[in-house]
Amino acid sequence: MQALQYRAVGAAPEVVTVPRPEPGPGQVLLKVTAAGVCHSDIAVMSRPAEALGFPLPLTLGHEGAGTVAALGDGVTGLAPGDSVAVYGPWGCGTCLMCAQGKENYCTRAADLGIRPPGLGAPGAIAEYMIVDDPRHLVPLDGLDPVTAVPLTDAGLTPYHAVKTSLPKLTPGSTAVVIGTGGLGHVAIQLLRALTPARVIALDVTEEKLTLAREVG
């Protein structure tokens, strides 16, 4: 299969041919239908070798969606052909934070060598990818994977902030979104959908302010 890999520190990523992975016990193989490119990819490739934190080569892409291609032993609740999005902040699944559904705060991931896809584990900019556990898959329920895949990162980040603030966003309240780019314009839409608050958007770029008006 083909994959986009970051292969050497300081070098541009390359499209290469690599073996198609096979799912191990508890894992799921996806045929990728959509993958997002994020500023974090650029940030990773800008790090010096001593700050990278994982070996190369690395298949990029921490925003992914696909259809189930194969199931590892013991996997239930999924079937080949299911259309899913990949939840990227992988944790151990057993610590206190993971038990509360906060795998992005997993206390054991670093010690266990658990890395998110595209940020240590092979990512989604490939024909196929391995997902370590079916709990990290979200049914798309008919959503277009191409338009939905940014929600796995660019959507989750502002959603985390909005969800935390929901008790304060009552009728008559005001929410201010500072910066209406890749994350901010999603925050505006989330605020409109989830709260009765008045939304004020701030930016220094007229193009981004125009986008803010268009989405909410």
For the stretch 1-155, Rg(Cα) over 2.2 N^0.38 Å is 1.00
Against the longest alpha carbon principal axis of the chain, how many degrees, from 0 to 90 and to the nearest 10, is the axis of helix 184-194 turned?
70
Relative contact order of the stretch 77-180: what whole-number percent is it, with Cα pairs under 8 angstrom and at least 6 residues apart?
28
Could you give the nm distance between label points at TYR159 and LEU112, where each point is 7 Å from its Cα heading toward the beta carbon?
2.2
Helix 156-165 sits off the longest principal axis of the Cα atoms of the chain, rounded to the nearest 10 on a 0 to 90 degree scale, by 40
Added length on full extension, which subtracts the Cα-Cα distance from 0.36 nm per residue, ASP73 to GLU50:
4.6 nm
Inter-site label distance for THR17 and THR147 at 7 Å from Cα along Cβ, in nm
3.7
Roughly speaking, what is the centre-to-centre gap between the stretch 142-216 and the stretch 52-72 when only Cα atoms are used, to the nearest Å?
27
What FRET efficiency would be calculated for the residue pair VAL176, ALA8, taking the C-beta separation as r and a Förster radius of 30 Å, to the nearest 0.05?
0.10
How much of the DSSP bridge set in the stretch 63-216 is antiparallel, in percent, rounded to the nearest 5?
50
Compute the distance in nm between two label points, each set 7 Å from the Cα along the Cα-to-Cβ direction, one at ARG198 and one at ARG135.
4.3
Averaging over every viewing direction, what projected area does the convex hull of the Cα atoms of the stretch 50-117 cover, in nm²?
6.1
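Throughout, read-outs are computed from the coordinates displayed, never taken from laboratory work. Everything quoted here is computed from the prediction, not taken from an experiment. In this analysis, Cβ positions are derived from the backbone assuming ideal geometry, glycine residues included, and neighbour counts consider all displayed protein chains.
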